[in-house]
1. Rounded to the nearest 20 Debye, what is the dipole magnitude of the chain about its Cα centre when Lys and Arg each give +1 and Asp and Glu each give -1 at the C-beta?
2. Can you compute the helix-only [θ] at 222 nm over the chain? Use -39500 (n - 2.57) per DSSP H run of at least 4 residues, normalise by all residues, nearest 500 deg cm²/dmol.
3. Work out the FRET efficiency for TYR24 and LEU93 from their Cβ-Cβ distance, taking R0 = 25 Å, and round it to the nearest 0.05.
4. Would you mind counting up the charge near TYR90? Only other residues with Cβ under 14 Å from its Cβ, with Lys and Arg at +1 and Asp and Glu at -1.
5. Identify all aspartates and glutamates with a Cα-Cα distance to LYS106 below 20 Å; exclude those on the same chain that are fewer than 8 residues away in sequence.
6. Over segment 4-47, average the accessible area per residue using a 1.4 Å probe and give it in Å², no decimals.
7. Full-extension gain between GLU103 and LEU77, please, as 0.36 nm times their residue separation minus the C-alpha to C-alpha distance.
8. Keeping the other protein chains in place, figure out the carbon and sulfur percent of the accessible area of the chain, with a 1.4 Å probe.
Amino acid sequence: MKMRNSKLLYYLVWIIVGALLLHYGNSLISHYTEEAQKNYQLENTVWITAIIPFVYGIYLALLEGLPKAFVVNWLLLFIVFLPSFLLLMYPTLVMYFNISNMEIFKFATIHDGIVFGLVSGMALVKSLTTNR
């Protein structure tokens, strides 16, 4: 019974912290979006819209519990994390390097990169840790 109560407490704390993370993350994105509209500088907005979904993905990976051991799953790291992280960072990299490709940019900015941020964050945690 003690194990069940601790799991319920973990999930309750996870939901509360997740709600706070969503609230503050979305307010941070809206703040930087408003500042970009005033100052016409999109650099901070692009960085924030890449970082916040990545943090959401890392936090979502903690739903199964805290990691017990550090084990690298190279297949998951290279096949899932690396492409999704590069697509997440593509709009940011376009600002600094001359690599603009409109088809990749359209694909990378689907839903403001939230999907790639969630996938890359979850894949990073899952490929580096195990819950055994």
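1. 780
2. -24500 deg cm²/dmol
3. In this case the efficiency is close to 0.45.
4. Surrounding charge for TYR90 is -1.
5. GLU43
6. Counting only protein heavy atoms, the per-residue value for segment 4-47 is 81 Å².
7. Taking GLU103 through LEU77 to full extension adds about 6.9 nm, to one decimal.
8. 71
The values are calculated or read from the model by the stated rules, or taken from the named source; none is laboratory data. Everything numeric here is computed off the predicted structure, so don't read it as measured data. Reconstructed Cβ throughout: ideal geometry from the backbone, glycine too, with neighbour counts over all protein chains shown. Each accessible area value is taken on the protein alone, full model and side chains, heavy atoms only, with ligands, DNA and RNA left out. Shrake-Rupley method; radii C 1.70, N 1.55, O 1.52, S 1.80 Å.
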